[in-house]
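For reference, the structure is listed below as structure tokens.
The values are calculated or read from the model by the stated rules, or taken from the named source; none is laboratory data. Nothing here was measured: the structure is a model prediction, and the numbers come from that model. Positions of Cβ are generated from backbone atoms using ideal geometry, with glycine treated the same way; all protein chains shown enter the neighbour counts. Only protein heavy atoms, including side chains, enter the accessible area calculation; ligands, DNA and RNA are left aside. Shrake-Rupley method; radii C 1.70, N 1.55, O 1.52, S 1.80 Å.
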Amino acid sequence: MKYFGFDLGDGESCVHWTKDGSTGIVNVAPVSGRGSFLSAVARLEGNTVVGHTVKENQEKAEDVHVCFKRDFLKNDPETDRVIRDFVRGVLAELRKSAEVGAYVDDEENACFIVGCPAGWQAEDRERYRQLMLDAGMKNVKIVSESRAAFENALHSAENGIDASLGNQTVLIIDIGSSTLDFAYVQDGNEYDVATMGNVQLGGGMMDEMIVLHSLDMQARETPALAQEVRALIEANNAKKSKLMLAVRDMKEDYFKHEDLFLEENRVLEKTVKLFGNGKIYKVRLTLSPEIVENFLISQPHPLLNGQSFESRLRDSLVSVYEQTRQRKEPDLVILTGGPSRMQFFQDLCRVLFASSRVIVSDSPEYDISRGLVFVGSVDENMTQCLREIEAYAQSSAIEEKIEYAVPELVRSISRPLTESILYSCVKPAFSAWRNGKLDTLNDFQEDTRRRIETFMHSSDMQNAIEAQAEPWSEKIISAVEMDLCEISRRHHVDFKIDCGQLRIHSGSNKSAPISINFIHVIHAVASIVLMVVMATLCGGSGMALLSIGPAGMIAGAILSLIVVMLGKEATMHYMMDMKTPLLLRGVIRERSILSEKNARKIERSICHGMLADPQMTGDLVSQVSDCIDAAILSTACGVEQNMVS
């Protein structure tokens, strides 16, 4: 499968791809000759053009649009049209590539993973996906940009990040052109925080603020001109887009060389011509350290509801800091997105997250698209792994393991069961019979049966069975885990067992984990064992099995004594009468009844009787396997639903 990661940004976009997701080799797919290209679309000589081609042909281009992604949530048909046109233009450029052109329309073997802000809801994501399909993409999956940034960090060797990141608490702060996104990841799980996602703050807003400030400055000299330009760009988005493109170049130049601009107090100026109303308007755009500090960063602005860029940014970061530290302060804070290069943004993050390691990617403009490719391969590996796990759970493999292990379980239960019956039931019944309180062996046998029935329903007896059932359950689960580990290995998925939970991570902890709480499964299996064994032993045949043995031992002992003392004829008389004299009863010692030899006889009898009961074996195999199957299938289903959402 070929995966294309498409980071459609409000300011800039990028496409990365890989021929084979399992290799981990990801390459940029240039558009209009650029790896990171402008999110701009226009008509040029009747054709759709995108990226830097729009910028290079500003004078001739028509219907120019930039910063259109920020308006997607308005559900406006015109915005949808512009996004479709842009995507069609990007696909047309990719088709021209000798390297990737043949794969763009390969419906069976290519997949586009498209990023979106973390705050977008399921219905927004589905509408966005449909928009991509309408534009000509064949297979489309929508993934949050914050997850893409996390996957990119996991796969990246930059800044000393390695696979151990999957075991750390991580906060990803993605500042784009229109939104500020957050993702908080702990133990491989992504958690929502109330203010996370879709914070309307980004580098593109700065572009608009610079345009408005430049017009305010020009209004001091030529008020009428500035007023006409304002009206023109408000009525015509293409005219506004032209100014925004020019400002973006100035802003990028400034922040790439911010130290030099501050040191020399440099001023950037650019004049842009706008045509409209039969006139040519010359708009002078200005940027300087003073404007950046006082106007862009510190001064309240109408676009931010009277807040400054810095205060809005600080409020968002403080809110996230307060909420995440209630769970656990992040070990690592990853800053990504093109505007993350801004020094004041980095400084603010380092101050607020002073106890965390704060890193900025070496190439933040590529982080999302690269990460989207990794998401594609990770999810495909996980999907194939889940399919095989589901098939495994639905096969007879688990039943066979249980059936093979049933004799071991029965043997482990028979010994404590025998000891408990001898000392809690047989011993007091024997004492009553020997002291004459019970007349016959039949009376002894019935008394023993009643005592066993009472004892079998006691907490002591249940605890004794559970004490053997839990380690047996653990062995069954361990055998199942080994099979699941082998399945995961084939699909480059790594299993981790932590505190009794089975965690599945794709490749070196490279995806959110699947957690099967096998502690609960072990307890559930032990409960099933208890119920099945109790039902078997407390039934008519089971109770007879338990109670006949002790009576038979006494009868055998009496028979031996009488034969020695009285001979065969008298023995037959006494055995028929069954009312043994107290004197004779006294000869039979309690220790002989409770001897190890007799205990082993009863144990073998119980063990053989239980294993010979097909209903008990069948119930154990079916109910225990159903319990384990249900845990595996339920988890697999939940993971698939999360992957889709």
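As an exercise: evaluate Val104 against (1) closer than 28 Å to Met250 by Cβ; (2) assigned to a loop (DSSP other than H, G, I, E, B); (3) not polar (S, T, N, Q) and give the number of the one condition it does not meet. Unmet condition: (1). Among the numbered criteria (1) at pLDDT 80 or above; (2) open to solvent by less than 10 Å² (accessible area, probe 1.4 Å), which one does Met206 miss? Tallying (1) at pLDDT 80 or above; (2) open to solvent by less than 10 Å² (accessible area, probe 1.4 Å), Met206 fails exactly one: (1). Those residues that are open to solvent by 10 Å² or more (accessible area, probe 1.4 Å), modelled with pLDDT of 85 or more, within 18 Å of Tyr184 (Cα to Cα) and touching a strand residue (DSSP E or B) at 6+ places or on another chain (Cβ under 8 Å), I need them from the stretch 347-377; list them, please. Answer for the stretch 347-377, where residues must be open to solvent by 10 Å² or more (accessible area, probe 1.4 Å), modelled with pLDDT of 85 or more, within 18 Å of Tyr184 (Cα to Cα) and touching a strand residue (DSSP E or B) at 6+ places or on another chain (Cβ under 8 Å): Arg350, Ser356, Arg357, Val358.
Looking only at residues that are aliphatic (A, V, I, L, M) and assigned to a helix (DSSP H, G or I) in the stretch 48-93, which one is farthest from Ser13 (Cα to Cα)? Break it down stepwise before answering.
Filtering the stretch 48-93 down to residues aliphatic (A, V, I, L, M) leaves 49-50, 54, 61, 64, 66, 73, 82-83, 87, 90-92.
Checking the rest, the ones that are also assigned to a helix (DSSP H, G or I) come to 54, 73, 82-83, 87, 90-92.
On the way: Val54: 14, Leu73: 19, Val82: 15, Ile83: 12, Val87: 10, Val90: 10, Leu91: 13, Ala92: 15 Å.
Only one residue fits best here, namely Leu73.
For the stretch 115-137, a residue qualifies if it is over 16 Å from Pro77 (Cα atoms), surrounded by 20 or more Cβ atoms within 10 Å (Cβ to Cβ) and not aromatic (Phe, Trp, Tyr), and the qualifying residues are Gly115, Cys116, Pro117, Ala118, Gly119, Met137.
Would you confirm, using the coordinates I've provided, whether Lys74 is of a type in the set (Lys, Arg) and without any contact (Cβ under 8 Å) to a residue 12 or more places away in the chain?
yes
So, in the stretch 126-151, exactly how many residues are over 17 Å from Ile83 (Cβ atoms), assigned to a helix (DSSP H, G or I) and at pLDDT 85 or above? Adding up the residues that qualify gives 1.
A quick yes/no check of all residues on (1) closer than 23 Å to Met205 by Cα; (2) among the aliphatic types (A, V, I, L, M); (3) in contact with a strand residue (DSSP E or B) (Cβ under 6 Å, 6 or more places away or on another chain):
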| position | (1), (2), (3) |
| --- | --- |
| Lys69 | yes, no, no |
| Leu73 | yes, yes, no |
| Leu94 | no, yes, no |
| Tyr103 | no, no, yes |
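Within the stretch 34-56, can one find any residue that is among the β-branched types (Val, Ile, Thr) and out of contact with any strand residue (DSSP E or B) (no Cβ under 6 Å at 6 or more places or on another chain)? The answer is yes, given that some residue of the stretch 34-56 is among the β-branched types (Val, Ile, Thr) and out of contact with any strand residue (DSSP E or B) (no Cβ under 6 Å at 6 or more places or on another chain). Evaluation of Arg266 against the conditions (1) surrounded by 17 or more Cβ atoms within 10 Å (Cβ to Cβ); (2) part of a loop (DSSP other than H, G, I, E, B); (3) not hydroxyl-bearing (Ser, Thr, Tyr) shows that the sole unmet condition is (1).
Is at least one residue of the stretch 248-255 part of a strand (DSSP E or B), surrounded by 12 or more Cβ atoms within 10 Å (Cβ to Cβ) and out of contact with any His (no Cβ under 8 Å at 6 or more places or on another chain)?
Filtering the stretch 248-255 down to residues part of a strand (DSSP E or B) leaves none.
Checked the stretch 248-255: no residue is part of a strand (DSSP E or B), surrounded by 12 or more Cβ atoms within 10 Å (Cβ to Cβ) and out of contact with any His (no Cβ under 8 Å at 6 or more places or on another chain).
In this structure, does Leu296 turn out to be more than 18 Å from Asp181 (Cα to Cα), open to solvent by less than 10 Å² (accessible area, probe 1.4 Å) and at pLDDT 85 or above?
Judged against the criteria, Leu296 is not a match.
Within the stretch 385-408, residues that are under 19 Å from Ala612 (Cα atoms) have Cβ atoms under 9 Å from residues that are aromatic (Phe, Trp, Tyr) in these pairs: Ala405/Trp472; Glu408/Trp472, counting only partners at least 6 apart in sequence or on another chain.
Quick check: is even one residue across the stretch 11-31 farther than 25 Å from Phe374 by Cβ, surrounded by fewer than 23 Cβ atoms within 10 Å (Cβ to Cβ), out of contact with any Gly (no Cβ under 9 Å at 6 or more places or on another chain) and at pLDDT below 90? Reasoning before the result, please.
Quick first cut of the stretch 11-31, residues farther than 25 Å from Phe374 by Cβ only: none.
Taking every residue of the stretch 11-31 in turn, none turns out to be farther than 25 Å from Phe374 by Cβ, surrounded by fewer than 23 Cβ atoms within 10 Å (Cβ to Cβ), out of contact with any Gly (no Cβ under 9 Å at 6 or more places or on another chain) and at pLDDT below 90.
Of the residues making up the stretch 419-456, those that are open to solvent by less than 30 Å² (accessible area, probe 1.4 Å), over 24 Å from Arg604 (Cα atoms) and in a helix (DSSP H, G or I) number 2. Scanning the stretch 342-392 for residues that are touching a Leu at 6+ places or on another chain (Cβ under 9 Å) and among the basic types (Lys, Arg) yields a single hit, Arg357.
The sole residue among Gln323, Gln307 that is without any contact (Cβ under 8 Å) to a residue 40 or more places away in the chain and surrounded by fewer than 23 Cβ atoms within 10 Å (Cβ to Cβ) is Gln307.
Filter the stretch 42-58 for residues that are touching a residue at least 40 places away in the same chain (Cβ under 8 Å) and open to solvent by 10 Å² or more (accessible area, probe 1.4 Å) and give the result. Hits for the stretch 42-58 are Thr48, Val49, Lys55, Gln58. The C-beta contact set for the stretch 476-492 (first residue free of Cβ contacts under 8 Å to residues at least 60 places away in the same chain, second residue open to solvent by less than 40 Å² (accessible area, probe 1.4 Å), distance under 6 angstrom, 6+ apart or interchain) comprises Cys485/Phe495. Note on the stretch 279-366: enclosed strands (runs of 3 or more DSSP E) holding 2 or more residues that are hydroxyl-bearing (Ser, Thr, Tyr) and either more than 30 Å from Pro30 (Cα to Cα) or within 27 Å of the chain's Cα centre (by Cα) (or both) are 279-287.
Of the candidates Phe112, Phe86, the single residue that is under 18 Å from Leu38 (Cβ atoms), surrounded by 17 or more Cβ atoms within 10 Å (Cβ to Cβ) and among the aromatic types (Phe, Trp, Tyr) is Phe86. Answer yes if at least one residue in the stretch 457-465 is in a helix (DSSP H, G or I), in contact (Cβ under 8 Å) with a residue 60 or more places away in the chain, under 30 Å from Leu530 (Cα atoms) and not hydrophobic (A, V, I, L, M, F, W, C), and no otherwise. So far as the stretch 457-465 goes, yes, one or more of its residues are in a helix (DSSP H, G or I), in contact (Cβ under 8 Å) with a residue 60 or more places away in the chain, under 30 Å from Leu530 (Cα atoms) and not hydrophobic (A, V, I, L, M, F, W, C). Name the pairs: first residue in the stretch 213-232 and closer than 16 Å to Leu268 by Cα, second residue β-branched (Val, Ile, Thr) and not in a helix (DSSP H, G or I), Cβ to Cβ under 8 Å, at least 6 apart or on different chains? Cβ pairs passing all conditions: His213/Thr286; Ser214/Val283; Ser214/Thr286; Leu215/Val283; Met217/Thr286; Gln218/Val283.
Please go through the stretch 367-381 and give me each residue that is charged (D, E, K, R) and either out of contact with any Lys or Arg (no Cβ under 9 Å at 6 or more places or on another chain) or in a strand (DSSP E or B) (or both), ordered by number.
If the condition is that a residue be charged (D, E, K, R) and either out of contact with any Lys or Arg (no Cβ under 9 Å at 6 or more places or on another chain) or in a strand (DSSP E or B) (or both), then Asp367, Arg370, Glu380 are the ones that fit.
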